[in-house]
There are 2 protein chains.
Amino acid sequence: MFSSDSPYLSSRGSVIKWFWDSAEEGYRTYHMDEYDEDKNPSGIINLGTSENKLCFDLLSRRLSQSDMLRLEPSLLQYPDWRGHLFLREEVARFLSFYCRSPAPLKPENVVVLNGCASLFSALATVLCEAGEAFLIPAPYYGAITQHVYLYGNVRLVCVYLDSEVTGLETRPFQLTVEKLEMALEGANSEGVKVKGLILINPQNPLGDVYSPGELQEYLEFAKRHELHVMVDEVYMLSVFEESVGYHSVLSLERLPDPQRTHVMWATSKDFGMSGLRFGTLYTENQDVATAVSSLCRYHGLSGLVQYQMAQLLRDRDWINQVYLPENHARLKAAHIYVSEELRALGIPFLSRGAGFFIWVDLRKYLPAATFEEEMLLWRRFLDNKVLLSFGQAFECKEPGWFRLVFSDKTHRLHLGMQRVRRVLEGKSQVAEDAPSC
Amino acid sequence: MFSSDSPYLSSRGSVIKWFWDSAEEGYRTYHMDEYDEDKNPSGIINLGTSENKLCFDLLSRRLSQSDMLRLEPSLLQYPDWRGHLFLREEVARFLSFYCRSPAPLKPENVVVLNGCASLFSALATVLCEAGEAFLIPAPYYGAITQHVYLYGNVRLVCVYLDSEVTGLETRPFQLTVEKLEMALEGANSEGVKVKGLILINPQNPLGDVYSPGELQEYLEFAKRHELHVMVDEVYMLSVFEESVGYHSVLSLERLPDPQRTHVMWATSKDFGMSGLRFGTLYTENQDVATAVSSLCRYHGLSGLVQYQMAQLLRDRDWINQVYLPENHARLKAAHIYVSEELRALGIPFLSRGAGFFIWVDLRKYLPAATFEEEMLLWRRFLDNKVLLSFGQAFECKEPGWFRLVFSDKTHRLHLGMQRVRRVLEGKSQVAEDAPSC
């Protein structure tokens, strides 16, 4: 069934290996030929991976300060698997402040672990039986498929959104309660037991931000059907456009179903440190917090890193006066540059001033509206030394959408966009030359 | 079925929570009343958790050196999930040297992750279907039960060993191929599919060290039955008695079935850093290495810690001339002290000069040879403010064995042993006073 079947692995082991082998294609090519200004200037520019590479100077300076290297014996000993109390206290204070919670959040509702990938894995396992499912609006960050499946054997049921704008008040790929209801009904009629709903806010790859009213509606829907809601807010501090009013789910005056609402945050995106592996769960449900903690033996992070994260999150002066303003200014500048490039090329795109990416409509560059053509265009980008992410990887049902990450240094971004332009200008001609059918 | 059943959790979620709730009893009591020389001198002394608390001064000094805090951008970005290459190279060199491998070990056979608990979880999942099993000689480090079950739904089939010495060449709790064969046959006859064998060497809780001949026999047994062998060598550098000739499985001239032999090591024990969360797999089987790597998204460790570990493992001067000699001297001194105390009390025990613990025979203190009595004695220790581990937690089939950890600072160790003595002297009289039956 899987090309990576192995006499040494269990059937699930082969599936797990298959995910690695297949998901790695673009990245393997990229890692073998990574762009380097000096050593490999003709190497591949990565506009595919959602990382913020704009603030390494700030982070490096802050993380090298002498307050970061402290060695208490307790940091080297077996930890409380929920996370050291000093860190959970700091996380609770941090989230209370930045999520603007109506009341202070509590450390006992915090669980700390090595990233949100792990958190998806743990939540899927403790909330669902094998074979059960979560709803997720699509397009969505595709890796979640693996996160809930590899260990948890939990599936995702897509709530498919499309680009068509159907009314004055709507926007492309808009999530509505009607679509949620339909997807749930569809799953039920196929005998798939749905246990929860995953919301990503700000959304990845759309860059969408839900209004408090929308959030409330989605949560009410979930409550009606006794669904858990996992709200992934890993981009909450990466809203760089002041006019966008971002509202964390934790800012709501009253959660419709607090025992089934579980909030995820991490430093990977908002502090540009995907390699640091620090994520956190906030839930009032103590059964869920305890069950996830029990799995944290397998998702633990170093006591030394826990100490560093507490120091970082506690340093409001640096965050508010140095890091966030500068980070937002740099994100905004990079975003403006790429937006203008796209406009000059006459390419439609979506972007609402949050996240690291622009959701780009390249449908007119496909000779036919198929995923095969989408893949061909993606390969053409790669052959021209620029890595993007294609829409199918996000379960987008319309071929021709791409996610383009702009949170990179100017010289790489400029070169990457030149290469994008070259492919599209060439490709555009090919498409126009092709006989119409 | 489980007292921790919850309307919010899946059935496996409830089991996962149950493990947390039940396993935590002694530790919860301990953490609420932890001994502190100044602040809580009547608090509980922990001789239960297998940690080396003797070398914090050395570690602290080494880990605080300026070479430890380096911040390359790549350390903050998404890593190679197998571990950064610079670290895998260092691990390969380190294991080649300390395991005395006949040929240099290779970085491509190394996978790095956040501890051996995670490695057990990953290996169970990729090697076994749900419901399948591994053989393990018992008594064994009980947490492995959870490690293979919580995510992987894999069970352990015990190869029960007993204290009786049956011949000149044998020792108490000796593992033999005959016992392995019997346990495997037993499992087969019950329809349990066994996929592998777990060996811990040096053994926990026995402190036993397998000879090369024994190792070879166990590996040949596994090969005959096409069983994977996971060799857990987390105490390999904690052999403090020079007369004990320790042999890593990687030192063997020829592995009977290299594609099914998977070696585990970590810094938790040998470098006294259970809170640092660094473990590693060595396997020649690339299918297994890749499948485990695929799960490493959920077991990743910080790039900063990866850098620190590479620095530590590379510093042979410090390891060979400072850390290991001093660590072994301190372990030996603590071991001598506890051994002498036990001898003075007339208590039989097992210990072969490796590990952090002594396997203590307190059977004569039980009024009846039952696990209820074992638990009563354990509680009596706890009431008298000293935490030990009881044999049943290691699946020992003879009630009355306890694991006593000696790798602690002198003042705590002395106080802990005083409390042990007080309980046993009291308990001993009670036992003697009881009417014989």
**Pairwise label distance in nanometres, residue B:65 with residue A:25, each label 7 Å out on the Cα-Cβ vector** = 4.7 nm
**Prompt:** Is there a pair in A:17/B:195; A:195/B:17; A:53/A:385; B:179/B:364; B:39/B:409 whose C-alpha atoms are over 21 Å apart, and which pairs would that be?
**Reply:** B:179/B:364
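Taking every DSSP beta bridge with both residues inside the protein assembly as shown, roughly what % is antiparallel (nearest 5)? Let's see the in-between values first.
Values: 40 of 82 bridges.
Of all bridge pairs located within the protein assembly as shown, approximately 50 percent are antiparallel.
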**Complete:** Here, residue A:329 and residue A:178, labelled 7 Å along Cα→Cβ, have an inter-label distance in nm of 4.5 nm
**Request:** Roll a 1.4 angstrom probe over the protein heavy atoms and tell me the percent of accessible area of the range A:72-315 that is carbon or sulfur.
**Result:** 50 percent
**Message:** If you count only protein heavy atoms with a 1.4 Å probe, what accessible area per residue comes out for chain B, rounded to a whole Å²?
**Reply:** 37 Å²
**Message:** Given a 1.4 Å probe and heavy atoms of the protein chains only, how would you sort A:158, B:296, largest accessible area at the top?
**Reply:** A:158, B:296
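Could you compute the longest span of chain A free of GluC sites (Glu not before Pro) located in DSSP loops and having at most 10 other Cβ atoms within 10 Å, not counting the site residues? Can you show the working numbers first?
Numbers: sites that count: A:164, A:169, A:190, A:242, A:253.
Looking at chain A, A:254-437 is the longest stretch - no exposed GluC sites (Glu not before Pro) with at most 10 other Cβ atoms within 10 Å.
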**Exam field: residue A:425 pseudo-label spacings to other copies (7 Å along Cα-Cβ), nanometres** = 9.3
**Request:** Kindly provide the trypsin sites (Lys or Arg not before Pro) of the range B:131-210 that DSSP labels as loop, not H, G, I, E or B, and whose Cβ sees at most 13 other Cβ atoms within 10 Å.
**Result:** B:193
**Prompt:** So how much accessible area does residue A:200 have, in Å² to the nearest 10, using a 1.4 Å probe?
**Reply:** 10 Å²
**Asked** Which distances, shortest first and in nm, link residue A:315 to the matching position in the other copies, using label points set 7 Å out along Cα to C-beta?
**Response** 2.3
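For residue A:106 and residue B:57, FRET efficiency with R0 = 30 Å and r from the beta-carbon atoms, rounded to 0.05? Don't skip to the answer; put the middle values down first.
Values: r = 37 Å, r/R0 = 1.22.
The value I calculate is 0.25.
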**Fill in**
Taking a ≥ b ≥ c as the square roots of the Cα gyration tensor eigenvalues, with a/c under 1.5 meaning rounded and otherwise prolate when a/b beats b/c or oblate if not, the range B:1-124 comes out oblate
**Prompt:** Out of the range B:7-72, which trypsin sites (Lys or Arg not before Pro) are coil in DSSP terms and have no more than 11 other C-beta atoms within 10 Å?
**Reply:** B:39
**Request:** For residue B:336 paired with residue B:37, estimate the spin-label separation in nm (one decimal), with each label point 7 Å from Cα along the Cα-to-Cβ line.
**Result:** 2.2 nm
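Could you work out the helix-only [θ] at 222 nm for the protein assembly as shown, with each DSSP H run of four or more residues adding -39,500 (n - 2.57) and the total divided by the number of residues, to the nearest 500 deg cm²/dmol? Please list the in-between numbers first.
Details: 30 runs with 352 residues, N = 874.
Mean residue ellipticity, 222 nm, calculated: -12500 deg cm²/dmol.
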**Asked** Counting only the heavy atoms of the protein chains, how much of residue B:19 is accessible to a 1.4 Å probe, in Å² to the nearest 10?
**Response** 30 Å²
**Item:** Alpha-carbon centroid distance for the pair the range A:44-89 / the range A:333-412, whole angstrom
**Value:** 31 Å
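Kindly identify the protein assembly as shown as rounded, prolate or oblate by the Cα gyration tensor criterion: order the square roots of the eigenvalues as a ≥ b ≥ c, call it rounded if a/c is under 1.5, otherwise compare a/b with b/c, prolate if a/b is larger, else oblate.
On the way: a/c = 1.85, a/b = 1.75, b/c = 1.06.
Prolate, since a/c reaches 1.5 and a/b exceeds b/c.
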**Message:** Need one value: the accessible area of residue B:378 in square angstrom, 1.4 angstrom probe, rounded to the nearest 10.
**Reply:** 10 Å²
**Complete:** Reduced to Cα centres, the span from the range A:249-328 to the range B:273-322 in Å works out to 25 Å
**Message:** Roughly how far apart, in whole Å, are the Cα centres of the range A:128-155 and the range B:144-214?
**Reply:** 37 Å
**Asked** How far apart are the residue B:33 label points across copies, placing each 7 Å from Cα toward Cβ, in nm, shortest first?
**Response** 6.8
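The values are calculated or read from the model by the stated rules, or taken from the named source; none is laboratory data. All values derive from a computational prediction rather than experimental measurement. Cβ atoms come from the backbone with ideal geometry, glycine included; neighbour counts cover every protein chain shown. All accessible areas refer to the heavy atoms of the entire protein, side chains included, with ligands and DNA or RNA removed. Shrake-Rupley method; radii C 1.70, N 1.55, O 1.52, S 1.80 Å.
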